[in-house]
1. Kindly check whether there is at least one residue in the range 60-81 that is open to solvent by 20 Å² or more (accessible area, probe 1.4 Å), in a helix (DSSP H, G or I) and at pLDDT 95 or above.
2. Out of all the residues in the range 122-133, is one or more touching an Asp or Glu at 6+ places or on another chain (Cβ under 8 Å), surrounded by 24 or more Cβ atoms within 10 Å (Cβ to Cβ), at negative phi and in contact (Cβ under 8 Å) with a residue 24 or more places away in the chain?
3. Mind checking which residues of the range 82-108 are more than 18 Å from Val38 (Cα to Cα) and assigned to a helix (DSSP H, G or I)?
4. Looking only at the range 35-48, which residues are modelled with pLDDT under 95, out of contact with any Ser or Thr (no Cβ under 7 Å at 6 or more places or on another chain) and over 13 Å from Gly109 (Cβ atoms)?
5. Please go through (1) in a loop (DSSP other than H, G, I, E, B); (2) within 11 Å of Gly76 (Cβ to Cβ); (3) open to solvent by 50 Å² or more (accessible area, probe 1.4 Å) for Leu16 and return the number of the only condition it doesn't satisfy.
6. What single numbered condition from (1) out of contact with any Asp or Glu (no Cβ under 8 Å at 6 or more places or on another chain); (2) surrounded by 15 or more Cβ atoms within 10 Å (Cβ to Cβ) fails to hold for Ser161?
7. So which of Leu111, Leu134, Leu119 is under 19 Å from Arg95 (Cα atoms) and touching a strand residue (DSSP E or B) at 6+ places or on another chain (Cβ under 6 Å)?
8. Select from the range 40-53 the residues that are crowded, with 18+ Cβ neighbours inside 10 Å and in contact with a Gly (Cβ under 9 Å, 6 or more places away or on another chain) and list them in ascending order.
Amino acid sequence: MTMQFGILAFNDLEELDAIGPWEVLSWAAKQDRSDMAVHMIGSSGSEIACAKGLRITTDYTIHDHPHMDVILVPGGQGTRPIFRDGGAEIDWIGRVAPGCTWVTSVCTGALLLHRAGLLEGKRATTHWRSIDLLRNAGGVEVLDDVRFVRDGNIVTSAGVSAGIDMALWLV
């Protein structure tokens, strides 16, 4: 049975928050690991414009993907309006996460996990500049100065390179 990894792609995501883990997971999938598949899942169609201009063509959208075993939510400036206002991304996380083996985030992707209700009573981390934002959201014990935190099946990582470390741990 193939383990399906889905990386959520939304406008203004931080490129390396998604691409770093994608590189690790995709490399692992190509090392005679027919039991892994990695997909980019677009929240607003099949093309996503990232924070610095990279455009990602997604494999699926949040409406038409196969069952996901692992989801990864990247961070970046695009998380702020989603965290503040909610939206399709939060609905998708809330709908898909209960069926996942692992639910993960990089950087401020943790804010979206929080907004979806997944960090209540958990320990988590995020990018050092957003520690207070996550802490002030309440209901979560936010850890400083750690690369990534696992609490149950939720894994949050601090930033770009920590997201790569987390992806290596997942593999």
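The values are calculated or read from the model by the stated rules, or taken from the named source; none is laboratory data. All values reported here derive from a predicted model rather than from experimental measurement. With ideal geometry, Cβ positions are generated from the backbone for all residues, glycine too; neighbour counts draw on all protein chains shown. The area values use the complete protein model at the heavy-atom level, side chains included, leaving out ligands, DNA and RNA. Shrake-Rupley method; radii C 1.70, N 1.55, O 1.52, S 1.80 Å.
1. Within the range 60-81, one or more residues are open to solvent by 20 Å² or more (accessible area, probe 1.4 Å), in a helix (DSSP H, G or I) and at pLDDT 95 or above.
2. yes
3. Our first condition is that a residue be more than 18 Å from Val38 (Cα to Cα); within the range 82-108, this holds for 82-91, 94-95, 98, 107-108.
Hits for the range 82-108 are Ile82, Phe83, Arg84, Asp85, Ala88, Glu89, Ile90, Asp91, Gly94, Arg95, Pro98.
4. Once the filter is applied, which keeps residues that are modelled with pLDDT under 95, out of contact with any Ser or Thr (no Cβ under 7 Å at 6 or more places or on another chain) and over 13 Å from Gly109 (Cβ atoms), the range 35-48 yields only Ser44.
5. It fails just one condition, (1).
6. Among (1) out of contact with any Asp or Glu (no Cβ under 8 Å at 6 or more places or on another chain); (2) surrounded by 15 or more Cβ atoms within 10 Å (Cβ to Cβ), the lone unmet condition for Ser161 is (2).
7. Values: Leu111 fails: touching a strand residue (DSSP E or B) at 6+ places or on another chain (Cβ under 6 Å); Leu134 fails: under 19 Å from Arg95 (Cα atoms).
From the options Leu111, Leu134, Leu119, the qualifying one is Leu119.
8. We begin by selecting, within the range 40-53, every residue crowded, with 18+ Cβ neighbours inside 10 Å; these are 40-43, 48, 50.
Residues satisfying the conditions are Met40, Ile41, Ser43, Ile48, Cys50.
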